[in-house]
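*Asks:* First the structure, then my questions, so here it is.
The values are calculated or read from the model by the stated rules, or taken from the named source; none is laboratory data. Quantities reported herein were computed from a predicted structural model and do not represent experimental measurements. Cβ sites come from the backbone with ideal geometry, for glycine too, and all protein chains shown count toward neighbours. Remember, those area values only see protein heavy atoms, side chains included, never the ligands or the DNA or RNA. Shrake-Rupley method; radii C 1.70, N 1.55, O 1.52, S 1.80 Å.
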Amino acid sequence: VTGLGVRARRFLTLGVALLALAALLHGAAFFELHRLEPTPQLTDLPLAVSLAAWLLVLSFLALQLRLRTRALAVLVAPGAFLGTVFAAFSASAPESGEVGSALWSHLHVLLASGGLALLGVAGAAGGLYLVHHRAIKRKHPVGLPSALPSLENLDRANSIATALGFLLLSLGVLTGVLWVETREGRLWPGGLHANATLAVWLVYAVLVGARFGTKQSARIAALGAVTGFVLLAAAVIGVGVLR
Amino acid sequence: MSLLLVGMSHRTASVELRERYAIEDPRPVLSKLVASPEIDEAVLLSTCNRVELVAWAREPDAARLRLRSCFERELAGDGAPVRAAELDGALYELVDGAAIRHVLRVACAIDSLVVGEPQILGQVKDAYRAAVACGACGPILGRLYPRAFATAKRVKNETRLAERPISVARVAVDLARQIFESLEDKAALLVGAGDMIELALDSLRRHGLGAVRVANRTPARAAALAARFGASAHGLDELPELLRRSDLVLTCIGGDRPLLDPPLVRQALRERGHRPLFAIDIGVPRNVDPAVNELDNVYLYDLDDLSAAAESNARERQREVEQAEAIVLAEQQRFEGWLLALAAVPTIRALVSRAEQIRRSELERALSGLALDERTAAAVEALSRGIVNKLLHAPLSRLREELEGEAGLAHLEAARALFALDDEAEDDSGEGPDPSR
C-alpha cells in the first residue's frame, strides 16, 4: 500500500471501475436468487457473507464518490473477493423460508450485513490511515503527492462509515432480537454467535461514544476501527464458520 | 597561491551539526582569518543549508589547516564539542578549479537543497558584501564573486531552472495535502519575517491557503510583511493562542532555543481537539524541538526531512541542471583563464626583460668594436629592437591566447623552462612567480 505512487493512480481508477462492474454482476446474481422458489434464506452463512461482500463494495463505491478514497480499494477488493470466494465454495442447497419470521430474519441479515460492510470500510479506512500516518511520521512520503488519500479524508471516511455501520449493526441486533422473539418467544437466544455479537456491539458502542462524544484523536479512532472490525468479523463470520 | 574552500552542507552534515556552525555575523571571523599570514582573502557563507569558507591562500597547506581550525574554534558554537571524526566526515575541501566551480554552482542554486531556489543568490551576495565590508575581500575573490553573480544571472536567463522554482513552501504544500484534503479551510502560522518566510507567505497564498498569520519577535516587521500579503501580524507572545488556531506552522526565525517545545504543542493540541498539526521548521538553529514529532497528530519536518523531496525535485530538473552546469563550466574556465593570465604577467614580463637584456648587452658589445656615426648606431639599435620584438611577438601572442584554454598552464611552464626564466629569477631574487605581484 505504501508503494502506491503517482502511476498507481491509473491502476486504482481501473480497479474501482472493475469493482463497480463486479458489484453490478453481483447485484444481478442476488436479483436472480431472489426469484427462486422457495426464496433462499439470507440466514445461510455463505449467502450472508456474499451479501456482506456485495454491500462492502457498494459502501466503498458510495463513499469514494463523496470522498476521494479510491485507494481503499486495495483493502476492500481483496476483502470482497475472499468473501465471495468463501460464499461460492461453501454454498449449500437453499433452505425453505420460515413462515412468520422471514421478514425479521431478512431484515436482520440485511441490516447486520450492511453494518458489517460499512464497519469493514471503516476498518479499511482506519488501516490505511495508520499506514499513511506512519509513513508521514517517518518522513517517507516527502515530496510527491501520494496515491493514498489525505489523512483528513481517511479519517472522514472512517467517521462516516463507523456512524452508519454502527447504526445498521444496532438495527441488525434489534431485528435479530425481534426475529428470535417471533420464532422462539424469548428475547435472547443465547449461544456463541449472539453473545459474541452483543459483546462486539458493546465494544462498538464504547468506540462510537469515544469517537463522537469526546475529542478523540484520528489515530486512536483508526486503531479502534481496525480493532472493532477484527472483533466483529470474528464474532459474525468466525463464529458462524465454527458452527 | 591557491583558492581553497572548506565547508559543510546539507549533503554532508545533519541539521543538528549545521546549526552548531551557523553564524549571523561573519565579519569577526573573516577579520581574524585574513589577519593570518597564510590567508590573503576570505568569504564566509553561512545559510540554513551550508557553512563554507572560501579563501585565497598564499600557503595552501597552512591555510587549509587554518580553515579547518576555524570550524573547530571560531565557528563552533556553545555546547558539547563535536567529535573530531564527526566534523571530519562532514567537512569537504575543494581546491582551485573545484573550488571555483563550487562557488559558481552554489550561487546558481544547483547545489541547493531545493534546486533552482532563488534565496541562495541573495545569501551569497550578503556573504560577499560582509567580506568586502570588513576588508577580507581582495582582487581575487573580488573578481570571483561578481563572476558567480553574473553566472547565476546567465543561468536564470538561459535555462528554465529558476522558472516555477520548487520552493520549501511548495514542498510544504505538497506534504500538507497528504495530511489535509483541502487547504482552503486551513490556517497557516508563519513564525519569522525574513526572506524565507516572505517567499513561503507568497507561495502559500498562491496555493489558496485560508487564513495566514505571521508572528515575529518584532511585531512591526511582521505587520509590514503581513500587510503586503493580506495576512494578520502577531507577536511571539501570542504563540500559544496562534498554535491553537493553526493547522500548518512554518518557522524560520533566529534564536538559540526552540520556540515550540512538546509542552506548548501538547497544550495547543488539547485545546484544538487533537486536530492534526503540520509543522515545518526551516530555521537553523531549529525553532521546533524535534521531540514535538513524537506527539500524536503532529507531523514535524525539518530541513533534512525535506531533502528527499528535494532529491525528486533535482531528478525532475535534470535537463535544466545539465544546461546550467554547462554555463557554470564555461564561466569556470573563463575565471581560471583570468587567474592564469594574472599568473602569466610575471612570466611575460621576465621574458621581455630577458630579451631586452640580451639585446642590450649584445648591441653594446657590437657597437664598442665599431666606429659608427650616431645615425647608423640608431639604425642598428632599431634593427636589434625590431628583431627582438618580431621574434617575441609570435610566442607572446600565442601564450596569451593559450591562457584562455586548458593548455595555458603547460605553455606558461614551457616558456619559463625554454627561456630559463626560473633560473634567472632565482639568480635575481630567489622567488618564484606570484600572480599577486
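*Asks:* Give me the pairs: first residue in region B:79-96 and among the aromatic types (Phe, Trp, Tyr), second residue part of a loop (DSSP other than H, G, I, E, B) and loosely packed, with under 13 Cβ neighbours inside 10 Å, beta-carbon distance under 9 Å, and six or more apart or on different chains, which are they?
*Replies:* B:TYR92/B:ARG11
*Asks:* On to the next question. In region B:85-109, what residues are buried (at least 19 other Cβ atoms within 10 Å of the Cβ) and either modelled with pLDDT under 90 or among the small types (Gly, Ala, Ser) (or both)? Break it down into steps so the answer makes sense when it comes.
*Replies:* Narrowing region B:85-109 to residues buried (at least 19 other Cβ atoms within 10 Å of the Cβ): B:87, B:90-91, B:99-109.
Within region B:85-109, B:LEU87, B:ALA90, B:ALA99, B:ALA107, B:ALA109 meet the criteria.
*Asks:* Could you please give the count of residues in region B:293-326 that are away from chain A (no Cβ under 12 Å), at pLDDT 75 or above and open to solvent by less than 50 Å² (accessible area, probe 1.4 Å)?
*Replies:* At the first step, the residues of region B:293-326 found to be away from chain A (no Cβ under 12 Å) are B:317-326.
Okay, now just the ones that are also at pLDDT 75 or above, so B:318-326.
Now narrow it down to the ones that are open to solvent by less than 50 Å² (accessible area, probe 1.4 Å): B:320-321, B:324-325.
Result for region B:293-326: 4.
*Asks:* For B:ARG221, state whether it is more than 14 Å from every other protein chain (Cβ to nearest Cβ) and farther than 25 Å from B:GLN178 by Cα. Don't jump to the end; show me each part of the working.
*Replies:* Numbers: more than 14 Å from every other protein chain (Cβ to nearest Cβ): yes; farther than 25 Å from B:GLN178 by Cα: yes.
For B:ARG221, the condition - more than 14 Å from every other protein chain (Cβ to nearest Cβ) and farther than 25 Å from B:GLN178 by Cα - is met.
*Asks:* Within region B:29-37, can one find any residue that is out of contact with any Lys or Arg (no Cβ under 8 Å at 6 or more places or on another chain), under 25 Å from B:ARG105 (Cβ atoms) and without any contact (Cβ under 8 Å) to a residue 40 or more places away in the chain?
*Replies:* no
*Asks:* Only helices (runs of 4 or more DSSP H) wholly contained in region B:1-73 count here; list those with 2 or more residues that are over 30 Å from B:ASP305 (Cα atoms) and in contact with a strand residue (DSSP E or B) (Cβ under 7 Å, 6 or more places away or on another chain).
*Replies:* Values: elements: B:15-21, B:27-35, B:60-72.
Result: B:27-35, B:60-72.
The rows are residues; the columns are (1) at pLDDT 85 or above; (2) open to solvent by less than 50 Å² (accessible area, probe 1.4 Å); (3) of a type in the set (Phe, Trp, Tyr); (4) under 30 Å from A:TRP179 (Cα atoms).
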| residue | (1), (2), (3), (4) |
| --- | --- |
| A:THR2 | no, no, no, no |
| A:ARG7 | no, no, no, no |
| A:PHE11 | no, no, yes, no |
| A:HIS26 | yes, yes, no, yes |
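*Asks:* Hydrophobic (A, V, I, L, M, F, W, C) and more than 30 Å from the chain's Cα centre (by Cα): which single residue out of B:LEU201, B:LEU239 fits that description?
*Replies:* Unique residue meeting the criteria: B:LEU239.
*Asks:* How about region B:195-214: which of its residues are open to solvent by 50 Å² or more (accessible area, probe 1.4 Å) and either among the aromatic types (Phe, Trp, Tyr) or assigned to a helix (DSSP H, G or I) (or both)?
*Replies:* Taking region B:195-214 first, the residues open to solvent by 50 Å² or more (accessible area, probe 1.4 Å) are B:195, B:198-199, B:202, B:205-207.
Residues satisfying the conditions are B:ASP195, B:GLU198, B:LEU199, B:ASP202, B:ARG205, B:ARG206.
*Asks:* Let me ask something else. Determine if region B:345-357 includes at least one residue that is farther than 28 Å from B:ALA200 by Cβ, under 35 Å from the mean Cα position of the chain (by Cα), of a type outside the set (Val, Ile, Thr) and assigned to a helix (DSSP H, G or I). Give the derivation first.
*Replies:* Just the residues of region B:345-357 that are farther than 28 Å from B:ALA200 by Cβ, to begin with: B:345-357.
When the remaining residues are screened for being under 35 Å from the mean Cα position of the chain (by Cα), the result is B:345-349.
Filter again for of a type outside the set (Val, Ile, Thr), leaving B:346, B:349.
Next cut, assigned to a helix (DSSP H, G or I) only: B:346, B:349.
Yes; the residues of region B:345-357 include at least one that is farther than 28 Å from B:ALA200 by Cβ, under 35 Å from the mean Cα position of the chain (by Cα), of a type outside the set (Val, Ile, Thr) and assigned to a helix (DSSP H, G or I).
This table checks each residue for (1) more than 12 Å from chain B (Cβ to nearest Cβ); (2) over 19 Å from A:GLY120 (Cβ atoms); (3) outside any helix (DSSP H, G or I); (4) open to solvent by less than 60 Å² (accessible area, probe 1.4 Å).
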| position | (1), (2), (3), (4) |
| --- | --- |
| A:TRP201 | yes, no, no, no |
| A:GLY209 | yes, yes, no, yes |
| A:VAL226 | yes, no, no, yes |
| A:LEU231 | yes, no, no, no |
| A:ALA234 | yes, no, no, yes |
| A:GLY238 | yes, no, no, yes |
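*Asks:* In region B:389-416, which residues are open to solvent by less than 30 Å² (accessible area, probe 1.4 Å) and at pLDDT 75 or above?
*Replies:* Filtering region B:389-416 for residues open to solvent by less than 30 Å² (accessible area, probe 1.4 Å) gives B:392, B:396, B:399, B:403, B:408, B:412, B:415-416.
B:LEU392, B:LEU396, B:LEU399, B:LEU412, B:ALA415, B:ARG416, listed by residue number.
*Asks:* For B:ALA223, indicate whether it is within 15 Å of B:GLY283 (Cα to Cα), open to solvent by less than 60 Å² (accessible area, probe 1.4 Å) and modelled with pLDDT of 85 or more. Steps first, answer last, please.
*Replies:* Working: within 15 Å of B:GLY283 (Cα to Cα): no; open to solvent by less than 60 Å² (accessible area, probe 1.4 Å): yes; modelled with pLDDT of 85 or more: yes.
No.
*Asks:* Would you please list the contacts, defined by Cβ atoms under 6 Å and residues six or more apart or on different chains, that run from a residue in region B:178-197 that is within 14 Å of chain A (Cβ to nearest Cβ) to a residue that is outside any loop (DSSP other than H, G, I, E, B) and open to solvent by 20 Å² or more (accessible area, probe 1.4 Å)?
*Replies:* Pairs that qualify, where the first residue is within 14 Å of chain A (Cβ to nearest Cβ) and the partner is outside any loop (DSSP other than H, G, I, E, B) and open to solvent by 20 Å² or more (accessible area, probe 1.4 Å), are B:PHE180/A:GLU152; B:GLU181/A:GLU152.
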